[in-house]
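Worksheet: one structure, shown below.
The values are calculated or read from the model by the stated rules, or taken from the named source; none is laboratory data. All of these numbers come straight from a predicted model, not from anything done at the bench. Note that we place each Cβ from the backbone using ideal geometry, even for glycine, and neighbour counts take in every protein chain shown. Accessible surface is based on the protein model in full, side chains and every heavy atom, while ligands, DNA and RNA are left aside. Shrake-Rupley method; radii C 1.70, N 1.55, O 1.52, S 1.80 Å.
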Amino acid sequence: MNKPRRALLKVIVLGDSGVGKTSLMNHQLPGTKLFRYVYKKFSQQYKATIGADFVTKELQIDDKLVTLQIWDTAGQERFQSLGSAFYRGADCCVLVYDVNVQKSFETLNNWHEEFVKQADPADPDAFPFILFGNKIDGGSSRMVSEKKAREWCASRGDIPYFETSAKEGYNVNEAFLCVAKMALEG
Ligand code: GDP
Ligand code: MG
């Protein structure tokens, strides 16, 4: 039998401060079969030097062992001062907004633009972006409809869209599985 092939993929998570990026990345359902390991690498050095940090999630897709190295801002996203080391070599970009905060939806355009500028992918229109609408557990305080979000995704070349709750664990693994598949296909 052939040995499973391995892939290490770099994923960047962007969005306004407070939308739930760190919570989504660190989320793991107890007993999940989908992701074999989720661990926080010791990467204080990165945190200090480029103001970012990463977690690692491993999963198997068909005959491939896929390691997602998921990069998070260390809280300085307000200032949008992330250097190119943060973006370099990204295989997928996850954009996150909070469905209860209109502003976090409007700034998606800036984050999208910033990624294209900094990561400078060969073909920005073909680059694998994905959108998470987080905090859908909020109930009546919702400000951005699913329809509006899907329209935005369509206008950006059919970006896949997932509604998530890091708090309740809703749709988080499914969304990251899509991230892994997209990053793998490139
Ligand atoms: P970040 O600044 O984008 O990394 O956001 P954090 O992950 O630090 O989350 C900001 C706040 O929102 C924290 O108080 C989280 O507990 C909370 N939070 C994150 N995800 C959710 C969610 O899905 N639902 C709710 N209700 N709160 C969330
Ligand atoms: Mg954070």
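Brief remarks on what is shown
- Which of D137, D63 is most accessible, then next, and so on - probe 1.4 Å: D63, D137
- Full extension of the chain segment joining D158 with R88 gains 22.8 nm, where the gain is 0.36 nm per residue of separation less the Cα-Cα distance.
- Potential lengthening between D63 and V116 on full extension [0.36 nm per residue; Cα-Cα distance subtracted]: 15.9 nm
- FRET efficiency for the L8 to E168 pair, using the beta carbon distance and R₀ = 45 Å, is estimated at 0.90.
- The order of M182, M143 by accessible area, most exposed first and with a 1.4 Å probe, is M143, M182.
- Exceeding the 23 Å Cα-Cα cut-off - candidates K117/K167; K21/K57; K117/K148; K117/K147; K21/K64; K57/K103: K117/K167; K117/K148; K117/K147; K21/K64; K57/K103
- The simple spin-label model puts a point 7 Å past each Cα toward its Cβ; for S23 and K148 those points are separated by 2.0 nm.
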